[in-house]
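Notes for the one structure printed next.
The values are calculated or read from the model by the stated rules, or taken from the named source; none is laboratory data. Bear in mind the structure is a predicted one, so any value in this text is a computation, not a measurement. No Cβ is skipped: glycine too gets one built from the backbone with ideal geometry, and neighbour counts run over all protein chains shown.
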Amino acid sequence: MHGQFVWYELTTPDVDAAQKFYSRFTGWGTQKFDADYTMFTTGGTPVAGIFRLRPEMRDQGIPPNWMPYIESDNVDETARLAATLGGAVINGPADIPGTGRYAVVRDPQGAVFGIYKSSGPSRSWDGTAVVGRFSWHELMTTDWKAAFAFYQKLFGWDKQSEMDMGGGNMYAMWGKGKMYGGMFDRPAEMASMRPFWLCYIHVKDVGKAVEAATKGGAFVQRPRMDIPGGTIAILGDPQGAGFAVHDQMVSAAGSNWTPEGDATAAAKPAGKSATQSKAKSASTSRAATKKSSAKKSSAKKSSAKKSSAKKAPAKRAAGKKTSAKTSAGKKASAKKGSAKKASPRKSAKRRR
């Protein structure tokens, strides 16, 4: 459905290592799309893609990173509207033969995301937490009110709640019926960080996931923290890409909060974890928190890629490279056959 998150893409210098690492704690399987693109699957269904971060991209300052794609009823119209609202189309719109159509956009504040429309059945996320899929999306930006107005016009998102995290710094939650995520203004101590998205992976048990991830070489950006009805933690993978994990286990307080449930409770933990995480890693997106430390700040996970018109347009890191300093570009991915029609894909050739 228009406005729902539909795909995620990891750009990393070591694809084989990434496949082994994430499978340790997510239960994800892998499936080849083509020689240049591999997909993560859950229950046999593709949910994300992996593309290799090339040396020339690294030379341009592009770090390992994750980037989300949002479903659009009309990619061309959404891209056109984004440009008229102050955003910039970094790559596309273009077709992924037999799969769908995509574009990569930078919002007015500088955060990068993808838009995608499948030529087959959609597998977008409706806000219901499902183990093995992503369950929360956080945007750190320079002006959350302006950013929200931008995304609302593009995708019809509704602001559902907001919470003061201290000092008047608000954490706003939004979605369509159910909550999809939150956004907040970048704290003053993190002025060097560029706007970006942090995606949370829903796991069965955050504690076990963190243990398995760290044994596999991950570093902890924000330690495991209880929230009403669950826990979260923010990490960086062995190659440096940031991500978060979330579960819905009942907390010590015995509450049954879920991201789509009590917004007020959700905002606080998410904000804290994200901010601290950002302070520690450039490639990790993280929610607003009063606890972040400027010393831990590093370069953000903004990234870009080159795209190749011949292959899945979603391989447009290069296209995004034009704004590598501010964007986290990635390429969409899709699976072969019927799976291909459900998600975006990318093409290495586009990243020359």
Query raised in the report: Restricting attention to region 239-249, does a residue exist that is crowded, with 24+ Cβ neighbours inside 10 Å, over 17 Å from Y22 (Cβ atoms) and either at pLDDT 85 or above or under 18 Å from the mean Cα position of the chain (by Cα) (or both)?
Result: no
Requested in this report: Within region 154-197, track down each residue that is aliphatic (A, V, I, L, M) and in a helix (DSSP H, G or I).
Outcome: L154, A188, M190
Requested in this report: Output the residues belonging to region 59-74 that are surrounded by 24 or more Cβ atoms within 10 Å (Cβ to Cβ) and farther than 19 Å from A48 by Cα.
Outcome: I62
Requested in this report: From the list Y151, Y200, pick out the single residue that is assigned to a helix (DSSP H, G or I), under 30 Å from G43 (Cβ atoms) and not acidic (D, E).
Outcome: Y151
Query raised in the report: Taking the condition closer than 22 Å to D185 by Cα, aromatic (F, W, Y) and in the same structural domain as G29 (by TED's automatic domain parsing), does Y69 pass?
Result: yes
Query raised in the report: Can you name every residue in region 136-145 that is crowded, with 16+ Cβ neighbours inside 10 Å and over 18 Å from M193 (Cα atoms)?
Result: W136
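Pick out the one residue from V47, V105 that is touching a residue at least 24 places away in the same chain (Cβ under 8 Å) and farther than 30 Å from K208 by Cβ.
None of the others qualify; the one that does is V105.
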Query - Identity of the residue in region 154-199, of a type outside the set (D, E), without any contact (Cβ under 8 Å) to a residue 24 or more places away in the chain and within 19 Å of D107 (Cβ to Cβ), that ends up surrounded by the most Cβ atoms within 10 Å (Cβ to Cβ) - result: K159
Query raised in the report: Out of all the residues in region 35-44, is one or more of a type in the set (A, V, I, L, M, F, W, C) and within 25 Å of K204 (Cα to Cα)?
Result: yes
Report task. Determine, yes or no, whether N65 is among the polar types (S, T, N, Q), at pLDDT 90 or above and over 14 Å from the mean Cα position of the chain (by Cα). Result -> no
Report summary line: Exactly one of R133, R123, R101 is at negative phi, basic (K, R) and buried (at least 23 other Cβ atoms within 10 Å of the Cβ), and that residue is R101
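Looking only at region 83-93, which residues are surrounded by 24 or more Cβ atoms within 10 Å (Cβ to Cβ) and over 15 Å from F196 (Cβ atoms)? So that I can check it myself, show each step before the final result.
Step one: of region 83-93, the residues surrounded by 24 or more Cβ atoms within 10 Å (Cβ to Cβ) are 90-92.
N91, G92, listed by residue number.
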